[in-house]
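Below is one structure; the comments refer to it alone.
The values are calculated or read from the model by the stated rules, or taken from the named source; none is laboratory data. Since the model is a prediction, treat every value here as computed from it, not as a measurement. All Cβ positions, even for glycine, are placed from backbone atoms using ideal geometry, and neighbour counts span all protein chains on display. Accessible surface areas use protein heavy atoms only, side chains included; no ligands, DNA or RNA. Shrake-Rupley method; radii C 1.70, N 1.55, O 1.52, S 1.80 Å.
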Amino acid sequence: MEFHRSTDVSDPAARIREEDYVNPFVLRLDLDDPWERRKTYLMTLLVLPIRAILMGLCLLMAWVFASIGLYGLTEKERRSTPISGWRREMRELTALAMRMLYFFGSFHRIKVNGVCASPREAPLVVVGPHYSLFDSIIVAYCGPSTVVAKSKAADLPLIGKIIDITQPIYVCREDPNSRHITRHLIIERVISKEDWPQILIFPEGTCSNGKAIVQFKPGAFGPGLPVQPVAIRYTNPINTVSWTWQGPGVPILLWRTLTSLNTGFEINFLPVYYPNEQERNDAKLYALNVRNYIAQSLGIPGTEHGYNDCKLMNYMIAIGMPYFAWSHDIGKMRKWLGLTDGTVEKKMLDQFAPFTEENARITLSEFANRLDVPIKNDSTRILFKIFEKNNDCSGLIDFREYLLLALFMSTLGKPKLELLKLLFKLYGNDQHQITREGLYRTVKHLSSISEEQCDRLFSKADIANCGLISIEQFEGSINCHPILIDLQELNEPKPYATPSQAKIS
């Protein structure tokens, strides 16, 4: 496979065409097909219980083998010395039990292309794209390999021991020094003369729908050592395995996977990638080129989406902001259209407020005209398409929804009070006065205030009892209220802890 290495760390495929556009953080999974629905319900009744029992037995066997293999080892010994002898045999049996678990879980045909390189030839194995926990199948096919795992994984019942037998490198994402510590441990392992297994990494750091590969974190590429890229894909027509930020929750995905007749999985061991001098000196460039190499082998694009987007998405989920999974796309398209500072959107508030159903529901042509951007620009069309409800192709969007997100993103890093004043214009009348319902609609994304508390504040501010209040009246009513502290805080994401795919429904 001929591959052209980039010499520029900025991704040359950053500006995409509308027809090539894909959001890797969104998955749609329906049961619309009558045959698929009947088959799923039948498998649930007849096959799922048997599969669950057999998988449970395999998991228990794996835990027993792992517990035996770790017996008598202190935590320090587990992390500082590679296991050997009969303990290594227990690790192999653990991997075999896990392979049987996946077999009983519908993964009957796993196709392997290429050969897994030796630890000496490629001490690091980098895998992409990262779909979900199901990807751990590959760990059993690589030795098993050492994995880089969240520190909390060690406390999981049964699973914790199984992870421990691989002698993982644990990373604590809550620790600001975690990245440097993890990188140091990886370097320490790969340059060691002891017989450590390969280190297997999913460098995307978050899950996606597999339609594109998001940016690789550069930490694993810092040592500048050869890596073996591994491209994986699930071959079923219906994707039931991706744990994305927007889409079905984990229970639904597990149910749909375990009620499939078969879940096809393909592992492609690509030739070992030897970095050139420029890549050895630039971990970001090295990561970009390996990412693009894997993407090219699968025939899918690389994308500018990445792990850092999770911080903003987590924040948007926490404050109840809609379109959280599209935050990267909205920000990127607005940047390419020159709308980043929000000046244009603020003018729209003065020009079109108050918004009604008539002047809020607009076409692509009107959208481009209001923002003064080219209608034929791919970024314009992608941005408009994001706000079409469920891609219903109605040709209309609610311009208020776009303004909410645009104003939110343009005031990131500024006091929330600034956004509050703009939202009074968005949801208010021509005098920028707002109703009781409108007040809660305005403040619910800026504070943890309940609807009942909001009602009491409205009543306190509405001295004339006319059913409308201004921003000045509201500010006067909260001068001694805890909400004032919230509104004086900066409107910005809190430190990112862990992905919340499992909590998204």
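For this structure, a couple of remarks:
- For a straight C-alpha distance cut-off of 17 angstrom, the aspartates and glutamates reachable from K376 (same-chain residues fewer than eight places away being disregarded) are E18, E19, D20, E366.
- Rounded if a/c under 1.5, otherwise prolate or oblate - region 1-93, Cα gyration tensor axes: oblate
- Dividing the helix sum by the residues of the chain, where each DSSP H run of 4 or more adds -39500 (n - 2.57), gives a mean residue ellipticity at 222 nm of -13000 deg cm²/dmol.
- Percent RCO, i.e. relative contact order, over region 112-187, from Cα pairs under 8 Å lying at least 6 residues apart: 22
- Length added when fully stretched, K347-E472, from 0.36 nm per residue minus Cα-Cα: 42.9 nm
- Under the criterion of Cα pairs below 8 Å and six or more residues apart, the relative contact order for the chain equals 17 percent.
- For region 50-193, the solvent-accessible area of protein heavy atoms averages 52 Å² per residue (probe radius 1.4 Å; ligands and nucleic acids excluded).
- Among the GluC sites (Glu not before Pro) within region 426-461, not one is in coil by DSSP while having at most 16 neighbouring Cβ atoms inside 10 Å.
- The charge dipole of the chain, taken about the Cα centre with unit charges on the Cβ atoms of Lys, Arg (+1) and Asp, Glu (-1), comes to about 1240 debye, rounded to the nearest 20.
- Dipole magnitude of region 248-380 about its Cα centre (Cβ charges: Lys, Arg +1; Asp, Glu -1), debye to nearest 20: 160
- Region 427-468, relative contact order in percent, only Cα pairs under 8 angstrom and at least six apart counted: 41
- E277/K389 FRET efficiency (R0 51 Å; Cβ-Cβ; nearest 0.05): 0.50
- Angle of helix 178-190 to the longest C-alpha principal axis of the chain, folded into 0 to 90 degrees and rounded to 10: 20°.
- Residue-normalised accessible area of region 378-419, given per residue in Å² at a 1.4 Å probe: 34
- Residues whose amide H comes within less than 5 Å of that of I213, counting only those at least five positions distant or on another chain, are G302, T303 (H built at 1.01 Å from N in the peptide plane).
- Pairs of lysine residues in region 55-190 that meet both criteria, 8 or more places apart or on different chains and Cα atoms under 19 Å apart, total 5.
- Positive-end extreme of charge dipole, the chain - chosen from A212, C142, I300 (charges on Cβ): C142
- When nucleic acids and ligands are ignored and a 1.4 Å probe is applied, L60 ends up with an accessible area of around 80 Å².
- Between the residues L31, L48, L73, the greatest Cα displacement towards the positive end of the dipole of region 1-114, with unit charges on the Cβ of Lys, Arg, Asp and Glu, is found for L73.
- Taking the Cα centre of region 29-134 as reference, the dipole from Cβ charges on Lys and Arg (+1) and Asp and Glu (-1) amounts to some 260 debye.
- As a fraction of the 1.4 Å probe accessible area of the chain, surface on carbon and sulfur atoms comes out at 56 percent.
- Labels on offer are (i) 24, 59, 16, 1; (ii) 20, 47, 28, 5, 0; (iii) 24, 55, 20, 2, and the one holding P(r) over Cα pairs in 20 Å bins from 0, in percent computed from this structure is (ii).
- Gained length - R88 relative to T235, 0.36 nm times residue gap less alpha-carbon distance: 49.7 nm
- Against the chain, whose longest principal axis comes from its Cα atoms, helix 86-104 is set at around 50 degrees.
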